[in-house]
Amino acid sequence: MNRDDFNMLNKDIIYFDNAATTLKPKQVIDDITEYYNEYSANAHRGDYDISLKVDNKISETRNLVKEFINAKETSEIVFTSNATDSINKIVFGYFKNILKPGDEVLLTDSEHASLILPWFELAEELDLKIGYISLTHDLQVTLDNVKKAITPKTKVIALSHITNVVGDIRPIKEITQYAHDNNILILVDGAQSIPHMKVDVQDLDIDFLTFSAHKMCGPTGVGILYGKEKYLNNIHPIIFGGGMNSSFEYNGKRIYKDLPYLMEAGTPNIAGIIGLGSAIKYLNSIGMDNITKHEQELKDYALKKLKQLPNIIIYNETIKSGIITFNVKDIFPQDVSLYLNKYGICIRAGSHCAKMLKDEIGIKNTCRISFYFYNTKEEIDKLIEVLNNPNILQDVI
Ligand SMILES: Cc1ncc(COP(=O)(O)O)c(C=O)c1O
């Protein structure tokens, strides 16, 4: 789909590393270039036309994000620098102020470092307990396992909607319902779901959601922090400075702005936010349901073909998202990816920032293919042809 919009696809590469970052269409690049060429002013600062245009563009993007995830208010949408930044701001700006020693945070061991490490830090600081929701034999999270993990001390569940290694899609609606019935808040890491499927924060009743523009056809350097207004109203900024204050005086008296500006100190990534807005318009023009469907078709097709090859071990066959995690028997994953690189095929090898998952799948490193809407069955055919080689190891060297 839409391959002509991507200059990177004219470079004789097959790009299968979309879970790391996606390619950017011309429309997004053009809108960013237009900002720098035509109205390159700062935000919130000027009373002249081009500065007002910047403010309007930022408001427009905030509104596009609100509609995209069906938030209630634009004030619930905070721009950050990436999903990691969003998670840290929630953990240290909100949960640090409400959790008490002995309270428990539930995670899973297949989460990305960006979701795990802020909690480890806060747990050490506040003497919190970290608990883990067990995964099923095929590495999924079920409501039953969530119920089993919850204790009277559980106050927060933090988990990805879709994980970046296994690609399993969590039953977020069931989990939030059960959690809320038990006075537990939910932080959902949407880095791998928002780009690939329709997500409605009100329908799923998500308390906090985080994601990154660069994984959804937007530029790097922009993240999104969503929080229900009633919780965000009690969030404390962890970065202070220009743009987030209304006044301050010699004696230290200061008045800070309301949300979302309270959480957006300093000059924002204006070009990035404009690019995020155009990425959302672009994804909307394709249709999120069409994106999901196309990726599922690619995944089914690739799995069928991969299974016909000798020596391929697949770790997430039953999972529906567009991520395939595999190994070639007896070959180190980095060697597989170096070998594929010789044919212009870009995949990811390693632990993919989910460093505890090794204990679940029994191996530290894997190869990961992750699709997006511009990938094709022909690209998969090429991958299969190249992988169907008994001498991969010799060919790497
Ligand atoms: C599931 C998940 N969460 C969080 C992140 C962090 O995203 P970023 O590096 O854009 O902050 C990633 C990035 O790969 C991810 O896959």
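Before moving on, here are some points about what is shown:
- The one condition in (1) more than 15 Å from the chain's Cα centre (by Cα); (2) open to solvent by less than 10 Å² (accessible area, probe 1.4 Å) that T136 fails to fulfil: (2)
- Summed over region 139-154, residues that are surrounded by fewer than 19 Cβ atoms within 10 Å (Cβ to Cβ) and not in a loop (DSSP other than H, G, I, E, B) total 6.
- Yes/no for S337 being closer than 30 Å to V28 by Cα, open to solvent by 30 Å² or more (accessible area, probe 1.4 Å) and out of contact with any Pro (no Cβ under 8 Å at 6 or more places or on another chain): no
- In region 69-93, the residues that are away from the ligand (no atom under 14 Å from the Cβ) and among the basic types (K, R): K72
- Residues in region 280-303 that are touching a Leu at 6+ places or on another chain (Cβ under 9 Å) and either aliphatic (A, V, I, L, M) or surrounded by 22 or more Cβ atoms within 10 Å (Cβ to Cβ) (or both): I280, I291, A302.
- Hey, L306 in contact (Cβ under 8 Å) with a residue 40 or more places away in the chain, closer than 14 Å to C367 by Cβ, open to solvent by 30 Å² or more (accessible area, probe 1.4 Å) and of a type in the set (A, V, I, L, M, F, W, C) or not: no
- Looking only at residues in region 160-180 that are over 23 Å from K299 (Cβ atoms) and hydrophobic (A, V, I, L, M, F, W, C), the one that is farthest from the ligand (Cβ to nearest atom) is A179.
- Residue within region 102-109 that is open to solvent by 10 Å² or more (accessible area, probe 1.4 Å) and over 26 Å from the mean Cα position of the chain (by Cα) present: yes
- For region 196-212, a tally of residues being aliphatic (A, V, I, L, M) and touching a strand residue (DSSP E or B) at 6+ places or on another chain (Cβ under 7 Å) returns 3.
- Of all residues in region 77-92, those satisfying the criterion of being open to solvent by 10 Å² or more (accessible area, probe 1.4 Å) and of a type outside the set (A, V, I, L, M, F, W, C) are T80, S81, N82, T84, D85, N88, K89.
- The number of residues in region 351-397 being outside any helix (DSSP H, G or I), modelled with pLDDT of 80 or more and either among the charged types (D, E, K, R) or under 30 Å from D5 (Cα atoms) (or both) comes to 10.
- Residue in region 30-45 that is within 16 Å of G223 (Cα to Cα) and either within 16 Å of the ligand (Cβ to nearest atom) or among the hydrophobic types (A, V, I, L, M, F, W, C) (or both) present: no
- Residue in region 235-247 that is more than 16 Å from R45 (Cα to Cα) and surrounded by fewer than 12 Cβ atoms within 10 Å (Cβ to Cβ) present: no
- Test result for F95, open to solvent by less than 20 Å² (accessible area, probe 1.4 Å) and at pLDDT 95 or above: yes
- Any hit, region 132-140, residues being modelled with pLDDT under 95, assigned by TED's automatic domain parsing to the domain that holds A43 and under 24 Å from D203 (Cα atoms): yes
The values are calculated or read from the model by the stated rules, or taken from the named source; none is laboratory data. The structure displayed is predicted, hence computed values, not measured ones. Neighbour counts are summed over all protein chains in view; Cβ atoms, including those assigned to glycine, are modelled from backbone coordinates with ideal geometry. These accessible areas exclude ligands, DNA and RNA; they are computed on the full protein's heavy atoms, side chains included. Shrake-Rupley method; radii C 1.70, N 1.55, O 1.52, S 1.80 Å.
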